[in-house]
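The values are calculated or read from the model by the stated rules, or taken from the named source; none is laboratory data. Predicted model only: the values in this text are computed from it and were never measured. Note: ideal-geometry Cβ built from the backbone for every residue, glycine included; neighbour counts use all protein chains shown.
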Amino acid sequence: MEDLSLHMLDIAENSIDAGASRVEIKIIISGADDRLMLKISDNGKGMDEDMIRMVKDPFFTTKTVRQKKFGLGIPLLAQAAEECNGRFSIESEVGKGTVITAEFQYSHIDIKPLGDIGSTMTVLIGGHPEIDFLLSCEKNGFSYKLDTEELKKELDDVPINLPDVLKLIREDINSALKGET
Ligand SMILES: Nc1ncnc2c1ncn2[C@@H]1O[C@H](COP(=O)(O)OP(=O)(O)OP(=O)(O)O)[C@@H](O)[C@H]1O
Ligand SMILES: [Mg+2]
C-alpha cells in the first residue's frame, strides 16, 4: 500500500464490516518521542483471542462473498509498522469492539506518507452516512477534530453524504492537515 491513509481505509472498513456504529480514528505524531501512532477503535462485534491470533496470519479471512483466500488488511499494516521500528497491536472484546494500534518511528526512512486523509474520510463518510466517524489528529500541540455525529446535528436536514458537503469535509481536513503532518 502506497500510504497510511489506504491502510486506515482498510482497517476502518473492517470496523464497518464488523457492524460498528461508531469508528474513531486517531493520528498522533510526537516529534519528541519520534513516533507516529495510528489508532482505530470501533464498537463492532469484536474478536476473541483465537480470532486475534488468526487475523495476524495473512492466510486467514472470514470473507466468503468474494471467495477470498487471504485477509491482508491487518497483516499489511502490522508489517508496515514493524518495518519502521514500530509496533502493532489488537485489543478486542467480543460484543464490545476492537482497537487497532500501529506505531511507527516517525523519522524512519521507510515510513509511508500519510496520504490523502481528507479523501479517505469522505470515502468512508459518503459510503456510510449512518455511521459516526471521529477523526482526531495531533502533532506537537496542533490538534484537529472532526466528529460526524456533531456535524450531522449542525447540518440538520442536510444529508452528510451530499457531494457538496463531502467536498467541504475533504477540504476542511486537508487544509487543516496541510504542512502539519
Ligand atoms: N474491527 C474488527 N472487528 C471484528 N473483526 C475484525 C475487525 N477487523 C478485522 N476483523 C476480522 O479479521 C479478519 C481479517 O481482517 P483483514 O483486514 O486482515 O482481512 P479481510 O478484511 O478479511 O480482507 P482484506 O482486508 O484483505 O479485504 C476479517 O475478515 C474479520 O473477520
Ligand atoms: Mg480488511
- Query: List the pairs whose first member sits in the range 19-32 and is over 16 Å from GLU149 (Cα atoms) and touching a residue at least 40 places away in the same chain (Cβ under 8 Å), whose second member is surrounded by fewer than 17 Cβ atoms within 10 Å (Cβ to Cβ) and among the charged types (D, E, K, R), and whose Cβ atoms are under 9 Å apart, counting only residues at least 6 apart or on separate chains?
  - Reply: ILE29/GLU180
- Item | Filtered residue count, the range 137-167, keeping only those that are over 15 Å from LEU4 (Cα atoms) and touching a residue at least 60 places away in the same chain (Cβ under 8 Å) | 4
- (1) in a strand (DSSP E or B); (2) modelled with pLDDT under 95: which one isn't true of TYR144, the others all being true? (2)
- Message: What pairs come out if I take residues in the range 76-95 that are within 14 Å of ILE111 (Cβ to Cβ) and pair them with residues that are surrounded by fewer than 14 Cβ atoms within 10 Å (Cβ to Cβ) whose C-beta lies under 6 Å away, six or more apart or interchain?
- Response: GLU83/ASP110; CYS84/ASP110
- Message: Take the conditions under 26 Å from ASN140 (Cα atoms), within 12 Å of ligand 1 (Cβ to nearest atom) and either among the small types (Gly, Ala, Ser) or without any contact (Cβ under 8 Å) to a residue 12 or more places away in the chain (or both) and apply them to SER41. Does it pass?
- Response: yes
- Taking the residues in the range 102-130 that are touching a Phe, Trp or Tyr at 6+ places or on another chain (Cβ under 8 Å) and closer than 18 Å to SER30 by Cβ as candidates, determine which candidate is surrounded by the fewest Cβ atoms within 10 Å (Cβ to Cβ). ILE111
- Query: Among the strands (runs of 3 or more DSSP E) confined wholly to the range 1-96, which include 2 or more residues that are at pLDDT 95 or above, within 12 Å of ligand 2 (Cβ to nearest atom) and of a type in the set (Ser, Thr, Tyr)?
  - Reply: none
